[in-house]
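Reading through the structure tokens given below for one structure.
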Amino acid sequence: MSKNIAIAPGVFDILPNDPQELWRSSYLWNFVENEIRRIATEYGYQEIRTPIFERTEVFHRGVGETSDIVSKEMYTFIDKGERSMTLRPEGTAAVMRAFIENQLHQQSSLTKIFYICPMFRYERSQAGRYRQHHQFGAEAIGNGSPEQDAELIDLLFTLYNRLGLTNLNVNINSIGDTESRISFRKALQDYLHNHFNDLSEDSKKRFETNPLRILDSKDPKDKMIAAGAPSILEYLNTESKDHFETLKNQLTALNIPFEVNIQLVRGLDYYNRTVFEITSGELGAQNSVAGGGRYDGLLKTLGGPDLPASGFGCGLERLIQTMIKQQAPLPAPPSPLLYFIPLGEAAKNSCFILVHHLRQEGIHVEMDLSGRKLGKVMQHANQLKAKFVSVVGENELASGIIELKDMASGKTLKISTSEAAKFLLIEQKSPKFMELWKEMSEPFTDPALAEFFVQKINASIASSRSASNALHDAIESIKEIVK
């Protein structure tokens, strides 16, 4: 007997609706991704899409030879042209390659872009870590100010607030510029030298190549040693200190709570000055939901212009899992507004055409095509959570009148098939209309806002009057031609 095929280790399927693992339901992913796109656009970021694989050198040069990603975690292969290619393990290096190759700096002095895409890392499978994971990232290229760093953190915080997340911790630090890090690196190595034998094997390897990464180690012994290490903030030059102070002031002004974490250095080699991480208490050991910072020298390293840049990456798996664990308000799975049950071949043909026309109006409608017994079909409509059900037979075909049954209340109403679209559109849009009406019906307290509203109403009236006059003139012209 043939063996059943199974999913590869470390990855997962996103299904239409997964009651066992709710976070894997595609309607939740669509909801979160739509909110991301909406907020990113509000902040002036435009979407970019890069290939899922790049030449391996993009990540060697962009991420850093000593990083865990490059040294341990990349999916690398040789293609048929004998070229070394790597599945994208992170977003920034690929975006910078696209920025340079397409000369985006010639289009604007400031380029703000975002992406939502899968990443691939060969990691040990554990909760919250997957070999294919999905990331929302944003990059701002061309602005070296601390305000730009604050804007990125603000964007993330706005997203989390709108998704209903709470109990989030914003950790920030500065790792200074190159000059500051050279001074700190020597002091850190002097301190770590006295504890070298107690370091983990990974940290011993990093002692010479990248000692700052030891501060980021998850090994318990390394953490104890790192707790007594000197603070990098004491080695910042004046420019880096001013940059960090301004960042803190801006976050305070935006009412974004934060903590300074002197052991935060981030896991990639290209960072400088600002680094930040947002964590959630609900995720256990793998508690980071987003992280980022500034990387002013990365573009130049990759052969591009010497422009400042900053950005972040946010894992969607952890974000959605956090929403569920915090019991944030979640959307309902999509369900049809109306479900048709035709009785007989003639009714099926008629309903099929009517369903097509209703869908052209943007209405979610379904119909039974199986011809099963009425009870079974009603049960299926209930499983789909259809708001209305309409059974269509010979009488409905003859009269052109259909009966809609509200599945929640059991009430029924009759409408003509010609008016079905209008009724369903009103039903579909009424919640949004009521929200807008509530906003508009609240009394204006600001005279300037009230005047602005009156002007918009008058402009709308004038526009309607102009259209009416144009129609009247057209009718008169036709009358003259007919004469």
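Every read-out reported here was derived from the displayed coordinates using simple, explicitly stated rules and does not represent laboratory data. Every value quoted in this text rests on a predicted model; they were computed, and no experiment measured them. Note that each Cβ is placed from the backbone with ideal geometry, even for glycine, and that neighbours are counted across all protein chains shown.
Modelled label positions at Gln379 and Ala332, each set 7 Å beyond Cα in the direction of Cβ, lie 2.2 nm from each other. In the chain, helical runs assigned H by DSSP with n ≥ 4 each contribute -39500 (n - 2.57); averaged across all residues and rounded to the nearest 500, the mean residue ellipticity at 222 nm is -13500 deg cm²/dmol. Simple point charges give the picture: +1 on the Cβ of Lys and Arg, -1 on the Cβ of Asp and Glu, and for segment 78-178 a dipole about the Cα centre of about 560 debye.
Computed from Cα atoms, the angle from the helix 420-441 axis to the main principal axis of the chain rounds to 60 degrees.
Pairs of alpha carbons in segment 264-409 separated by more than 21 Å make up 64% of all such pairs. Distance between the 7 Å Cα→Cβ label points at Ser200 and Asp18: 2.8 nm. What value does segment 338-440 have for Rg/Rh, both radii from Cα atoms and Rh as Kirkwood defines it? Radius of gyration over Kirkwood radius for segment 338-440 works out to 1.00.
For the chain, the normalised intensity computed at q = 0.10, 0.12 Å⁻¹ comes to -0.94, -1.14 (log10 of I(q)/I(0), Debye sum over alpha carbons, equal scatterers, no solvent).
Taking every C-alpha pair closer than 8 Å and separated by at least 6 residues, the mean separation divided by the residue count of segment 338-440 gives a relative contact order of 27 percent. Here the contact order of the chain, divided by its residue count and restricted to Cα pairs under 8 Å and six or more residues apart, works out to 13 percent. Length gained on full extension, Ala346 to Ile78, computed as 0.36 nm times the residue gap minus the Cα-Cα distance: 90.6 nm.
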